[in-house]
Each structure stands twice: as structure tokens, then as C-alpha cells.
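Right, one structure below, let's go through it.
Coordinate-derived values only; no laboratory data. Given the structure is predicted, the values throughout are model-derived calculations rather than measurements. All Cβ positions, glycine included, derive from the backbone under ideal geometry; neighbour counts span all protein chains shown.
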Amino acid sequence: MPIMIAVVAVLAGGGYFMFGRSAPKEVKVPEPELGSVMPLGEKEMIVNLTEREYFLRANIAVQLDKNAHIGGGGGDGHGGKAKGPSAEELLLRQVAMERLATVSVRDINTPGFGPKLRQLLASDFNHALHAMHVEEEPEDKSKKKKKKDEEEHDEHAHAAPLPRPGDIAKVDLTAVETPGWDSDEGPVLKVYFVEFATMRE
């Protein structure tokens, strides 16, 4: 009888350690909160519009989620900034120029253009940053095969979105729920046009 009690106790204890302790802990994701503002380079961007005789001169800055760690300007602004632009800043500048090159004079003269373009840029920026950091994550050999299988089902899983002309007309401003923000999720929450002017050659 004592042996039976001991066996039951051992089995019960093993069950506790196997099932009780192995239960995954819920990870609390912090809510997005406005953090530092990061300019996309010191120089303005000059891009031809879809009407080639017109070009756009723009200077853009983004406001990041306080919990984001992007280049030298991410986080809550307490850290120092490295000399020269970070890889993320260069990426966002390139993404911005590609998006602005899809804009037409007609788009600019359309009501609601500014908020729609800011929302579109925020979406472009966030997709590009997520793709960049997914590609940079170290992975062991066991994960490589799984990743390869996933990519066969979705070959564009980690690619930055390709801007297409006419996307601005499809933007739904009600899709962003947080008032005053251009995206409900980071890293980029707001987009600012520090300078935005069209010129004709």
C-alpha cells in the first residue's frame, strides 16, 4: 500500500511539472505610445511626379512608437544618436521617394490628399521596417527549412510593398482608429510633411 501511494504521488508530481509549469506565460505587449520624432535625412527629397514635367520637393519626418528601437532616433529619445543616417533612416527615405514618385498633380489637388498620403506612407514605412527586421533576425538550421517552406506558399512574405499609382484613391481614412495618428501600430505612428511643394520644369 505505501508503494502504491508513493507511485501515485510521483505520477501526480510529474503531471504538475509537465503540464502545470510548461503552460506558456502570457506576454504583455505594451500599448503604442508616441515617442521621438525622426527626420528622414537632412536633405530634402526631390522626386518627379507621374507627370514628368512636374516635380515634388519634400522633407518628411516620422514620429515613432516610444517602445520602438529604430536607428539612432528610436525609443523614447534618451539614447545618443550615432553619426550619419542609420540603415532604417535610409530605408524609410528610399520608401518615401518610391511612394512620392507614384503621386500625380491630380492626386495633390484631390480633397483629403494630405491625410491619405500620410496614412499610405505610414503603412509603407511599417511594412518595410517589419520586413527589414524579420530578415535580420538570426536563425538556426532547424528554422531555415521551415522558413523556406513558408516562403514557397507566400513568396512575398517579407518583401516591402511595391508602390503603385492610384493607391491614394483607395485609402480609407477611417481605418486608423487613433485620432491624429497615421497608423494604429508602430514603429511609425505619425508622418509629418516638414516641406511639401510642387514645381514645374
Gain on full stretching of the segment that runs from residue 43 to residue 193 - 0.36 nm per residue minus C-alpha separation: 52.7 nm
Sites residue 133 and residue 52, calculated FRET efficiency, Cβ-Cβ separation with R0 35 Å, nearest 0.05: 0.50
